[in-house]
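Notes for the one structure printed next.
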Amino acid sequence: MSISTIILGWIGILIFLIIVFTFQKLIKNNEFAFIHNLMALMYAMWFPLPLALYQLLNSELLQVGTIFGLVYLIMLVITMTLQTGHITYIVKHNGNKSITDKQGDYMMATLSNPFEGLANVFKSIWALFLGIAFWDSGEILMASIMFLFSLLIFYYLFIVLDISLVKRIKFFSKAKANNFLINLETLLFFIILICYITFNS
């Protein structure tokens with residue numbers, strides 16, 4: 001499993017980098033759906049990671065964390081795929097503007113904001129359990145890195161709460177979803193995990 005996990009993991013990283021380096025051109029050509037499709041494929045490439053890490057660390061402490069990791073990845077594949085379908089339909093079948101921009105924005109908000117925010121909360125929980133498992137196995141550096149990633153749970157929780165509360169709380173509204181930060185954090189998180197599996201399998 002480790003070899004296939006490593007190969008798929010690095011393919012996922014490659015897809016991420018392809019998106020980064022072709023992003024401006026794809027945006028210029030209105031290929032938003034294709035970007036989301038690539039992202040769904042990218043996250044799918046990382047499906048084996050939670051299980052591979054669980055096997056590699058051989059820690060019962062990681063059982064619950066593995067579930068959160070899998071659910072996180074599954075949720076992101078689902079939301080990216082649904083967003084792809086929505087964007088494709090809007091672009092290809094809305095020439096008469098029967099679906100207004102407001103309706104389109106509503107659908108995107110429904111498919112992305114709370115869903116992705118909650119998924120990232122689950123990723124932070126996974127990172128916390130990874131940190132505990134690494135700490136238990138004496139790998140202090142990896143544990144420290146995972147604990148740092150787990151702290152982002154507060155950031156993502158604030159975003160989710162700000163979106164879901166009818167009566168907004170100013171404290172929560174200070175946390176704004178920053179796509180650059182989220183994507184950078186995601187890239188670093190998976191590069192670190194894939195590197196660990198690559199050099200410790």
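The values are calculated or read from the model by the stated rules, or taken from the named source; none is laboratory data. Just so it is clear, the structure is predicted and the values come from calculations on it, not from any experiment. Positions of Cβ are generated from backbone atoms using ideal geometry, with glycine treated the same way; all protein chains shown enter the neighbour counts.
Listed by first and then second residue, the pairs linking a residue in the range 20-32 that is free of Cβ contacts under 8 Å to residues at least 24 places away in the same chain to a residue that is surrounded by 11 or more Cβ atoms within 10 Å (Cβ to Cβ), with Cβ atoms under 7 Å apart and 6 or more places separating them unless they lie on different chains, are LEU26/PHE34; LEU26/ILE35. Residues that are part of a helix (DSSP H, G or I) and without any contact (Cβ under 8 Å) to a residue 40 or more places away in the chain were ranked within the range 158-171; the one that is farthest from CYS195 (Cα to Cα) is LYS170. For PHE115, the criteria (1) under 21 Å from ASN183 (Cα atoms); (2) surrounded by 21 or more Cβ atoms within 10 Å (Cβ to Cβ); (3) not polar (S, T, N, Q) hold in every case but one, which is (2). Looking only at the range 135-156, residues that are more than 20 Å from PHE47 (Cα to Cα), part of a helix (DSSP H, G or I) and touching a residue at least 40 places away in the same chain (Cβ under 8 Å) come to 3 in all. For a quick check of your reading of the model, give me the residue pairs whose first member lies in the range 41-57 and is among the hydroxyl-bearing types (Ser, Thr, Tyr), whose second is part of a helix (DSSP H, G or I), with beta-carbon atoms closer than 6 Å and at least 6 apart or on different chains. Listed pairs, sorted by first residue: TYR43/LEU73; TYR43/LEU76; TYR43/VAL77; TYR54/LEU62; TYR54/THR66.
The set of residues in the range 172-201 being of a type in the set (A, V, I, L, M) and assigned to a helix (DSSP H, G or I) consists of LEU181, ILE182, LEU184, LEU187, LEU188, ILE191, ILE192, LEU193, ILE194, ILE197.
Of the helices (runs of 4 or more DSSP H) that lie entirely inside the range 1-108, those containing 2 or more residues that are modelled with pLDDT of 85 or more, among the hydroxyl-bearing types (Ser, Thr, Tyr) and surrounded by fewer than 18 Cβ atoms within 10 Å (Cβ to Cβ) span 2-28. Pairs are defined by a Cβ separation below 6 Å, a sequence spacing of at least 6 or placement on different chains, a first member in the range 65-93 that is under 13 Å from ASN120 (Cα atoms), and a second member that is among the small types (Gly, Ala, Ser) and in a helix (DSSP H, G or I); the pairs so defined are TYR72/ALA119; MET75/ALA119; LEU76/ALA119; VAL77/ALA40; VAL77/ALA44. From the list LEU188, LEU151, LEU165, the one residue that fits, being surrounded by fewer than 16 Cβ atoms within 10 Å (Cβ to Cβ), farther than 22 Å from VAL20 by Cβ and modelled with pLDDT of 95 or more, is LEU151. Criterion applied to ASN183, ASN179 was being within 30 Å of ILE18 (Cα to Cα) and modelled with pLDDT under 90, and the one residue passing it is ASN179.
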